[in-house]
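Heads up, the thing below is written out as structure tokens.
Computed from the coordinates by the stated procedures, all read-outs in this text should not be read as laboratory data. Just so it is clear, the structure is predicted and the values come from calculations on it, not from any experiment. Cβ placement follows ideal geometry from the backbone for every residue including glycine, while neighbour counts extend to all protein chains displayed.
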Amino acid sequence: VLGKKLHLNRAVVEQEIAQAEAEYAATERRVRTDVQIAFYNLLLAQRRVEVTRDLVGIAEKAVEASQTLLKAEEVGPVAVLQSQVEANMAHILLQRAENARRGAWRRLTSVVGAPDMPLQEVAGDIEDAARDYDFEELFQTLVSTSPELAAAFSATERARWSLSRAEVEAIPNVNAQVVVQHDNATGDDVAGVQIGIPLPIFNRNQGGIQQAVGDIVTAEQNLARIEMRLRDRLAAVFQDYADARVQVERYSAQILPQAK
């Protein structure tokens, strides 16, 4: 086999293996990300239940205080009714928070493949999870570690090796044959050697080369498309995170202290 065809065949297959491994890593990362998202949703739902329970306690104490003030004739019946309405609203919020927690638990157990796991508390700190990020640094980290890009890069390398393989396809291989015969009539042994080399005069694999070039263009465009898609997806997630961080800071610095 001439033209290093076997070497090029191995190079093509090695890139196919690398692409398959990268796609496997991408799938594994997607599953892990789904689990992390479901976990933090549950952690938030759990924290919401704690906060609304405190709100219910405050509202019930407010009802008791308004009733005491009514007996002392310092407020009117309307104030008592208002505090009772707020207490009822707090109970509704608590029930909704409990339902949201159960729903978040079901989603988490479904993602991890344990739907029969009983409801329980999860350990975690929401405040520690909030950090300040730089978009460009995040994007560069994503580009350097993304298995999706790694798979696309392997596909591009495979297409380039396939072009090299297509370019040497027209180089003929040498077919050698050794024959040893025995003539029973004369008792002579006859040995012969035959060597054949096909001459590709008209077929230079032009079609295969053109297809390989087209595959390279497609793979390179797909690589650029995936990179732009990653930037677009990161931009949407980064905006959601930035909005949530602003809300957390506002609640922590102003709303909660004022409510207390």
Note to self: Given contacts defined as C-alpha pairs under 8 Å and at least six residues apart, what's the relative contact order of the chain, whole-number percent?
What the structure shows: 26
Notebook entry, point to check: Taking R0 as 51 Å, what's the FRET efficiency between V51 and A20 from their Cβ-Cβ distance, rounded to 0.05?
Noted result: 0.60
Check: Using Cα atoms only, what is the angle between the long axis of helix 77-111 and the major principal axis of the chain, expressed in degrees (0 to 90) to the nearest 10?
Finding: 20
Next item on the list: Can you tell me the 0 to 90 degree angle between the C-alpha axis of helix 206-250 and the longest principal axis of the chain, rounded to 10?
Entry: 10
Check: Which entry is the computed Cα extents along the principal axes in Å for this structure: (1) 83, 46, 26; (2) 137, 43, 27; (3) 45, 42, 36?
Finding: (2)
Checklist line | Residue-averaged [θ]222 nm for the chain, counting only DSSP H segments that reach four residues, each worth -39500 (n - 2.57) | finding: -25500 deg cm²/dmol
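Return a whole-number percent for the relative contact order of segment 35-122, with Cα pairs under 8 Å and 6 or more residues apart as the contact set. Before the final figure, lay out the partial values.
Numbers: 64 pairs, mean separation 39.3, N = 88.
Taking the mean separation of contacting Cα pairs over the length of segment 35-122, I get 45 percent.
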Notebook entry, point to check: Relative to the first principal axis of the alpha-carbon coordinates of the chain, what is the inclination of helix 135-145, with its axis defined by its Cα atoms, in degrees from 0 to 90 and to the nearest 10?
Noted result: 40
Notebook entry, point to check: Between exposed chymotrypsin sites (Phe, Trp or Tyr not before Pro) in the chain, where DSSP calls loop and at most 15 other Cβ atoms lie within 10 Å, what's the longest gap?
Noted result: 1-132
Next item on the list: Could you check which residue among D188, D232, D132 shows the biggest mean-square fluctuation in a GNM of the chain with a 10 Å Cα cutoff?
Entry: D188
